[in-house]
Structure formats: C-alpha cells, structure tokens
Amino acid sequence: MKSKFGARWIKVALVATATLGLAAVSLPASYAADNAEFYVVQGLPGKNLEVAVDGKTVAKNVKTAAVAGPFKIKAGSRKVTFSDGGDVLVDRMFSVKAGSSWDAVVHLPASTGDDPVVTVFRNDLATVPKGKASLVVAHTASVPPADIRVDGKVLFENIANGESLKLTVPVGTYEVAIVPTGEKKPVILGPVALTVKGGAVNRVYAVGDPEKKTMNVAVHVLPTGSSGSGKPSKVDTGTGGQATGQGSDLTPLSGELVKLTR
Amino acid sequence: MVLSLLVGCAGPAGQPAIPAPQAKASATASARSEPSAVPTVRQGRPARSQRVEFVPQRITLPGRAGAEVQPAETVDGVLEVPENVQHVGWWDGSAYAGEAFGSTVIAGHVDSATGGVGVFARLLRTKIGDVITVEGDSHRLRYRVTSVQTVAKQALATDSQAFEQTGDHRLVLITCTGTFRRDQGGYSSNLVVVAKPLGLAR
C-alpha cells in the first residue's frame with residue numbers, strides 16, 4: 001500500500017563519512033590533550049550551511065543530510081554558529097569536556113514554524129562485539145513521536161524529537177521505516193535499506209518535514225573497533241564422568257540437531 | 001564578503017573588523033557575540049523505551065541452582081569455560097542479555113575430573129517451560145526454556161544454530177552429556193538448552 005508520503009526506497013550506503021566534500025578548515029593543532037571533537041550533522045532541508053566555532057569558520061557549503069567534521073575544539077564553552085548565505089540561522093553555546101566526541105545536529109523543531117534547533121549527542125565509542133554494529137537512531141525531524149520499524153518489527157518505540165535509541169545488531173542490511181507511534185501508517189520515511197557497518201557505531205538521523213516532502217536521513221559512521229572472540233567449534237565441559245546418569249530423561253544420542261524457532 | 005563579516009564580528013579581538021554591508025546584520029551579530037545572550041545547545045537524550053542490554057554475571061536455574069557467569073573466550077576453536085565447575089562462562093562473542101537479535105551463549109561443566117559434579121549438571125533435568133534468570137550490572141532478564149536437545153559434539157558448531165547471532169534473541173545454555181569415554185577424556189555429546197526471553201530486560 002502506498003503511503004501518504006510515498007514509500008520510496010532510498011539506498012543508504014553507510015560509507016565512512018570523513019569530510020563529505022567540504023572545505024573544512026582545521027583549528028590550530030596546539031590544543032593537544034584538552035581537545036574535544038564534534039561533527040556537524042546538517043538536518044535543515046534546502047540549506048547550505050557555513051559552520052563557525054567561536055567566530056572562526058570551520059566548514060562551508062554543508063549540504064542537507066551531510067556530516068562534516070571532525071572539528072577539534074578546546075574543552076570548555078564554545079559558541080557554534082550556523083549560517084546560510086550570510087544569515088545566521090542559529091547559534092548556541094556548547095560546553096565540552098576534554099576527550100569527548102559529539103554530534104551536533106542542526107535540525108527542524110518538532111513543530112514547523114519555530115526556529116532551527118541544535119541538539120548534541122555524545123558519541124559512545126566503546127567497542128562493539130565482533131560481527132556486530134552499534135545502531136543509534138535519532139529523531140531530529142519535524143514530526144511527532146514516532147516508532148521505528150526494523151524488518152517489520154518495532155525496535156525503536158515512541159521516540160520524540162531530540163531523543164535517540166541504541167541497539168546492538170548483527171552486521172547486515174535492514175529495512176527501516178518511521179511511522180507515527182503505535183501506528184503502521186502513514187509511513188513518514190522509508191522503508192530505507194540500511195546497511196550497518198560492523199565494529200562501528202552507526203548513527204542515523206531522521207531529518208526534514210514530511211509535510212514538505214523533505215524527509216531524509218543523515219548517517220554518521222564512527223569506527224569503534226571490535227571486541228569478543230570468534231565462534232567456537234567445540235565446547236568441552238565434562239572430564240570427570242561423575243554426572244553420568246544424572247539426567248532423568250536424556251534425549252537420545254541420535255545426533256539430533258538443535259532447531260531454533262525464529 | 002559574507003565570510004569575513006562573520007569572522008570580523010564574532011571572532012576574537014585583533015581580527016580586522018570589516019564594515020557590515022547591512023546595519024541590521026551587524027547589530028544582530030554584535031548582540032550574539034555576548035556569550036550570555038546565546039542559548040545553550042539542547043542535549044540529546046535516550047528515549048524512555050531504550051532497550052537494556054547487559055553482560056551476564058549470574059544465572060539462576062530451576063531449583064535455585066545458581067552460578068556466577070564469567071566471560072569466556074574462544075581459543076583455538078575451543079570455548080574456554082571456567083575451570084571451577086561451580087562457575088559458568090558467557091561466550092564473549094555472543095549477544096548481551098536483552099539484545100534484539102542473536103543468542104546469548106552460556107556454557108558450563110557438567111563435571112570435571114578434579115572438581116566433581118558441576119552446576120550445569122542441573123541442565124540434564126531441565127524441561128521445556130522451565131524459567132531461567134540471567135542477571136548482570138543491576139539488570140535482569142527471565143527466559144523460558146523452549147527446547148532441550150542433545151547434539152553430537154562435532155555437530156554443535158556446524159549443524160546447530162547455537163552460536164548464531166542473527167534471528168530473534170534467545171539464551172543458549174551448553175554443557176556435556178551422552179556417553180562418557182574415559183579414554184577420550186570426555187563425553188560424546190553436548191546438551192543444548194534454548195530459552196526465549198520473557199519480555200525485555202529491566
């Protein structure tokens with residue numbers, strides 16, 4: 001069934017973001033150990049943003065759904081300014097501790113008409129188990145609280161503008177759709193085929209406004225490294241023989257295989 | 001230049017101040033250069049429905065048989081479970097308890113030559129419907145047993161799905177069973193107990 005907004009398929013390739021074709025200007029490297037870093041996630045439809053930190057331009061021409069950075073900043077309180085064509089759209093003070101990593105998302109508010117919002121999310125760069133990915137979905141769009149359906153199941157429930165949810169998932173491609181909380185339609189975005197990258201945190205931001213047909217996703221992949229050991233080929237858990245005959249109803253030794261109902 | 005205007009107005013002292021082409025823009029920028037006048041960013045926060053995922057640290061079997069769970073690594077293809085037969089091992093490459101997908105694998109000795117009968121000998125009497133509790137990091141998740149099977153040891157990894165990390169989340173408990181062959185130092189088979197989560201981890 002066609003949704004109100006058109007259930008179009010958007011192929012989202014999660015490529016390491018680096019600076020996506022941006023004229024990024026690095027701040028002086030003299031800060032060393034008391035640095036923090038942040039990325040800019042551009043969630044404003046139809047804008048090409050210039051980003052400044054404490055008045056210094058760090059990136060220009062940041063397009064909708066692009067991720068720019070990382071920008072090294074000195075720990076403490078910094079002013080971040082977002083402008084388009086010389087007009088300051090929004091500026092905010094941003095306090096960061098040394099060694100922290102952040103995504104600063106400039107996006108539409110929950111209800112249209114209000115000023116753009118800057119929401120910051122701290123990046124958790126803890127290692128992810130081998131063969132898995134950390135998937136974080138954030139709501140930074142101009143829509144009411146929503147459910148995020150993954151492969152047809154609600155895995156992220158009732159998430160409001162400015163909120164995010166995190167899951168550990170096996171590496172693979174998932175069908176992701178955003179729908180109003182508790183509903184199956186109208187589909188606000190998607191389904192989107194999302195391929196998550198292993199050993200990384202995959203941050204997905206829903207941005208835009210369905211009423212204006214500007215819904216989109218911004219994707220930010222940060223490598224974290226993997227933890228954990230590989231699949232065992234053998235489990236030896238009995239060397240004494242004392243437990244022989246303890247089972248009251250041992251299943252026959254037919255080599256019968258484990259069947260898992262999915 | 002627009003860029004120069006922004007830098008000139010908001011930048012640190014000592015930078016060349018370039019006259020603003022529009023008085024309005026200049027006034028706005030000057031007002032914004034007062035730090036106290038600029039609001040702070042909004043902190044993103046987890047939604048209330050954030051799923052709890054945790055590393056198992058304790059398991060309780062039916063009949064209140066309990067055991068400490070320690071991380072267990074695969075070394076040369078063999079899952080190295082704790083030597084202490086009263087402890088069991090969580091394969092460190094398997095799912096955390098409460099994840100949306102994949103199996104959380106916990107294996108333990110049924111017995112050992114030096115330690116006697118192990119805590120997982122209790123699994124030999126486990127039945128479908130039994131409830132097993134996994135705890136860790138102040139969280140807990142209960143599971144209900146859905147299958148109890150014996151698998152030839154060499155078929156455990158290849159033909160069973162015990163270690164699969166796709167599909168719905170489940171708990172997979174493994175110990176040894178079958179014929180004890182003293183000359184070969186072990187049992188012929190593995191006992192595999194599969195249990196499904198009763199709701200979400202808390």
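The values are calculated or read from the model by the stated rules, or taken from the named source; none is laboratory data. Everything quoted here is computed from the prediction, not taken from an experiment. Quick reminder, even Gly has a Cβ in these numbers, built from the backbone with ideal geometry, and neighbours come from all protein chains shown.
Within segment B:99-110, residues that are within 28 Å of residue A:135 (Cα to Cα) sit with their Cβ atoms under 9 Å from residues that are charged (D, E, K, R) and not in a strand (DSSP E or B), at 6+ positions apart or across chains, in these pairs: B:99/B:51; B:99/B:53; B:100/B:51; B:100/B:53; B:102/B:164; B:103/B:164.
Looking only at residues in segment B:36-81 that are among the polar types (S, T, N, Q) and in contact (Cβ under 8 Å) with a residue 40 or more places away in the chain, the one that is nearest to residue A:145 (Cα to Cα) is B:57. All conditions in (1) within 7 Å of chain B (Cβ to nearest Cβ); (2) surrounded by fewer than 20 Cβ atoms within 10 Å (Cβ to Cβ) hold for residue A:169, with the sole exception of (2). The set of residues from segment A:80-99 being under 23 Å from the mean Cα position of the chain (by Cα), facing chain B (nearest Cβ under 10 Å) and surrounded by fewer than 16 Cβ atoms within 10 Å (Cβ to Cβ) comprises just one member, A:95.
Using the structure shown, decide if residue B:157 is within 14 Å of residue B:174 (Cα to Cα) and touching a Gly at 6+ places or on another chain (Cβ under 9 Å). It is true that residue B:157 is within 14 Å of residue B:174 (Cα to Cα) and touching a Gly at 6+ places or on another chain (Cβ under 9 Å).
When segment B:37-55 is limited to residues that are surrounded by fewer than 16 Cβ atoms within 10 Å (Cβ to Cβ) and out of contact with any Gly (no Cβ under 8 Å at 6 or more places or on another chain), the one that is farthest from the other protein chains (Cβ to nearest Cβ) turns out to be B:37.
The lone criterion from (1) modelled with pLDDT of 95 or more; (2) more than 23 Å from residue A:189 (Cβ to Cβ) left unmet by residue A:64 is number (2). The residues in segment A:29-59 that are without any contact (Cβ under 8 Å) to a residue 60 or more places away in the chain, over 21 Å from residue B:38 (Cβ atoms) and not small (Gly, Ala, Ser) can be counted, and the count is 2.
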